[in-house]
Each structure stands twice: as C-alpha cells, then as structure tokens.
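A quick write-up on the structure given underneath.
Read the figures in this text as sums done on the coordinates, not as results from a lab. Remember, it's a predicted structure, so these values are computed and weren't measured experimentally. Ideal geometry is used to build each Cβ from the backbone, glycine not excepted, and the neighbour counts take in all protein chains shown.
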Amino acid sequence: MKRLARWLLRIIVVLVVVAILLAVPVARNEWACQGTPVADSYQSLLPPGTHRAEARTLLTYPEWHIVHAYDDYARVISTEDPHDFDYLKAIGGYWSSLCALTEASAAHGGMDTPTKQLVYVIGTSFTLELLAKAAYEETLGRLATLIRGDARAPLDEVSAQQAADYARFLQQTPWYLWDFSAAQNALAAASTGSFRDRERRLALGIENAAKSAYAGVIASAVAATGNDDLTLHMIAKGLDPDAYDGVTLVAERSQGRVLATPRYRALTLILDDMAQDGATFVEIAGNDDILLTATSPDPTAPGALHSFPRQGYGDYRHLIMVKVPDLAQRLRDLPGAGLTLEHIHDY
C-alpha cells in the first residue's frame, strides 16, 4: 500500500507540474499581451445580421497556426524523421503570435470572452499534444530510427503522406471530421512487418485512437450547439459574381455588389482571383480591416504585426493587417514585394 501511495503521489505531482506549465503561457498572455482597448468606430454598410466582430480576423490565426504546424510537420517528415521537427518551436510560435495578435486586437474591439476561451483551450491542447509527441519521438521514436538505419521504412512514407493529406484537409474542414480509422487501416495495409513499421503502426495507432475518441466528443458537442456559418457577406466592385464558384449576388448597392461567399480557404482563393481580375473590395462581413498571412525568404516584411520562420520551408511567415479597400491592390502587389499569399483570415 505504501508503494502504491508513493506512485499515486508521484503521478499527482507530475499532473500538477504539467498543469502549471500549461497555465504559464495563458497567464503570460493575460498579463503581458494586453493592448489599450479601443471601440470599433467603423460604420458598416451591411445590415447587422451580416456583421462579424472585426477582432476575429486577428484571432482566427491561432487556429490556422495549428494547421500550418501540421503542414510544417508533414514537410519535415517527407524527407526526415519526426524527431527532426522542432516541437517546442511550433508551440512557441503559437503563443508568441497569439501575444502579438491579442495586443493588436485591442484596437479593433478587443477579444471577446468566447474567443479568448477558444484560443486558450486549443492552444493548451496543441501544447499538450506536441509535448506528448515530442516526448515519444525524441526518445523511443528516435531509438526506432536508429534500429531501422538510414533507409526509410514503408510506413515512414505512408505516415508522411497522411500528414500532408491531413494538413490539406484542415484548410477547409474541421479536424474532427478526419477519418482516423481509415488512416490506421492504411498503415496496417502498407506495413511490411519490419521493426520500424511495427513501431510506427503501434505509435500512430495510439495517436489515431486517442484523436478519434476525442473527435467523437467534439463532433457531438458541435452537433448540440450548431455549426458556425459557412458563408459571409461582402461588398465589392468591378466584378461579375457568376465568374466565381460558390459566390452569389445578394443585392446591388450604390457602393457596389453585395455578395455571399464561402469562408475559410475557399475565401482566400476567391478574393485573390477577384483581385487579380481587377476587382476592389469595399467591406467584408461589416468590417474595414482584415488580416492576411504571406511568406517570403526575408525575416521581416513592411507593416507585419509578427514574423517568424516556417519549419521545412526555409522561409518566413508574416502576419499583415490591411484595410479592406486596400486589400485587392495589396494582393496584386505581393509578388513584386517578394511575398507569396498564404491565407486571408475572415472573421
């Protein structure tokens, strides 16, 4: 009984330490990353039911940072091993970017409580997930690669492809809709029975099973509360809405055409196509500011709120705030400035 009590005490101590470590970045963001609140004074041209909080354009980025981290991870393991990915850098990138965006959001109406809860919950979950993955891949996973040797095993290739597919999936679809069971079945089908394949199948199987169980919980919660609106309204000029898939004309106004468009990754592609076709944007979702991310070989970009290196690509990501009426021209000017558009963040 004494031995059992000692082990229980050790487990409790470890859990308390982990909880404290996970709380530190949240506490730091609350203490050190608060800007001076300014009420949003922009008078929208669209009816109130189509408005989305302007600060959300900044605070959608943390979710996308996780998407980008999965993409970086896939890029790294396409030629290297999982222990070559810098998990701590990915975690640090989340919290450092959130700090910059939290401060900037104060000038755009500030961070509302539900959004604050969201970015802290997903940030903590992301941190815990990557710490657990790092703990395994830097120890037992690294040992498995030493036993394997320099030649990659079949499941190294399959898992790298799955990671890339998962990162692309997340650009338009919630993570909990990914078929983790099918991913595991694909690993089983491709396994040769080598030591590395057995190790990958076991390690990734545990990860897939855990995520699948958690995904079921999240999917049930979302079904109970309802999904977020998958479209938004905007006003634009100088375009034919019929030329763009998923775009519908809502109304003709003196300021321009009111359009309903898809959100997420599809919106980025649509806005870029419209800009290249010569359109101009008046307002989006009732707002006159919007965040975009762009990549370049340079560590800084003019006007960027935050910049940091991407793993696996050898370049840098820049978070840039743009006035909506200036967005189209800015998109057209990006290549000349040595920047490549990555994503436009809606609200």
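Could you work out the helix-only [θ] at 222 nm for the chain, with each DSSP H run of four or more residues adding -39,500 (n - 2.57) and the total divided by the number of residues, to the nearest 500 deg cm²/dmol?
Working: 11 runs with 184 residues, N = 347.
Result for the chain, helices only: -17500 deg cm²/dmol.
For Asp112 and Thr248, FRET efficiency with R0 = 25 Å and r from the beta-carbon atoms, rounded to 0.05? Present the calculation step by step, with values, prior to reporting the outcome.
Values: r = 29 Å, r/R0 = 1.16.
It comes to 0.30.
Apply the Debye scattering formula to the stretch 222-307, with a single equal point scatterer on each alpha-carbon and no solvent, then give log10 I(q)/I(0) at q = 0.14, 0.15, 0.16, 0.24 Å⁻¹.
-0.59, -0.66, -0.73, -1.20
In Å and from the alpha-carbon atoms only, list the Rg and Dmax of the chain.
Gyration radius and largest Cα-Cα distance of the chain: 22.4, 80 Å.
Looking at the stretch 16-100, what % of the alpha carbon pairs are farther apart than 14 Å? Could you put the intermediate results ahead of the total?
On the way: 2677 of 3570 pairs.
Beyond 14 Å sits 75 percent of the P(r) for the stretch 16-100.
For the stretch 148-302, evaluate the Debye formula with one uniform point scatterer on each Cα (no solvent term) and list log10 I(q)/I(0) at q = 0.10 Å⁻¹, rounded to two decimals.
-0.60
Given q = 0.11, 0.20 Å⁻¹, what are the Debye log10 I(q)/I(0) values for the stretch 61-162, with equal point scatterers placed on the Cα positions and solvent ignored?
Debye curve over Cα of the stretch 61-162, log10 I(q)/I(0) at q = 0.11, 0.20 Å⁻¹: -0.42, -0.99.
Given the options Gly110, Thr36, Ala23, identify the residue whose Cα lies farthest towards the positive end of the charge dipole of the chain (+1 on Cβ of Lys, Arg; -1 on Cβ of Asp, Glu).
About the Cα centre, the residue reaching furthest to the positive side is Ala23.
To make sure I understand the rule: partners must be lysines, Cα under 22 Å from the Cα of Lys323, and not fewer than 8 residues away in the same chain. Which ones qualify?
Straight-line reach from Lys323, under 22 Å: Lys237.
Over the chain, with a Gaussian network built from C-alpha contacts below 10 Å, which listed residue (Arg168, Arg148, Arg75) shows the highest mean-square fluctuation?
Highest fluctuation of the listed residues: Arg148.
Explain nothing, just the number: dipole magnitude of the stretch 48-225 about its Cα centre with +1 on each Lys and Arg Cβ and -1 on each Asp and Glu Cβ, in debye rounded to the nearest 20. Present the calculation step by step, with values, prior to reporting the outcome.
On the way: 15 positive and 21 negative charges, 61 e Å.
Dipole magnitude for the stretch 48-225 comes out near 300 debye.
Can you sort Ser220, Ser78 by how many other beta carbons sit within 10 Å, fewest first? Can you show the working numbers first?
Details: Ser220 11, Ser78 14.
Least crowded to most crowded, the residues run Ser220, Ser78.
Please give the charge dipole size of the chain, origin at the Cα centre, charges +1 on K and R Cβ atoms and -1 on D and E Cβ atoms. Round to the nearest 20 debye. The partial results should precede the final answer.
Values: 30 positive and 41 negative charges, 302 e Å.
With Lys and Arg at +1 and Asp and Glu at -1, about 1440 debye.
If each residue of separation counts as 0.36 nm, what is the full-extension length gain between Lys323 and Ala182 once their alpha-carbon separation is subtracted?
46.4 nm
Please work out the C-alpha center-to-center distance from the stretch 237-292 to the stretch 18-67 and express it in whole Å.
Here the answer is 24 Å between Cα centres.
Measuring from label point to label point, each 7 Å out along Cα→Cβ, what is the His51 to Gln172 span in nm?
3.1 nm
Kindly identify the stretch 48-225 as rounded, prolate or oblate by the Cα gyration tensor criterion: order the square roots of the eigenvalues as a ≥ b ≥ c, call it rounded if a/c is under 1.5, otherwise compare a/b with b/c, prolate if a/b is larger, else oblate.
It comes out prolate by the Cα gyration axes.
List the lysines whose Cα sits under 28 Å from the Cα of Lys89, skipping any in the same chain fewer than 8 residues away.
List returned: Lys116, Lys133, Lys211.
Could you order the peptides 303-314, 54-65 from most to least packed, using the average number of other C-beta atoms within 10 Å per residue? Write down the numbers at each step before the final one.
Numbers: 303-314: 16.2, 54-65: 23.5.
Final packing ranking: 54-65, 303-314.
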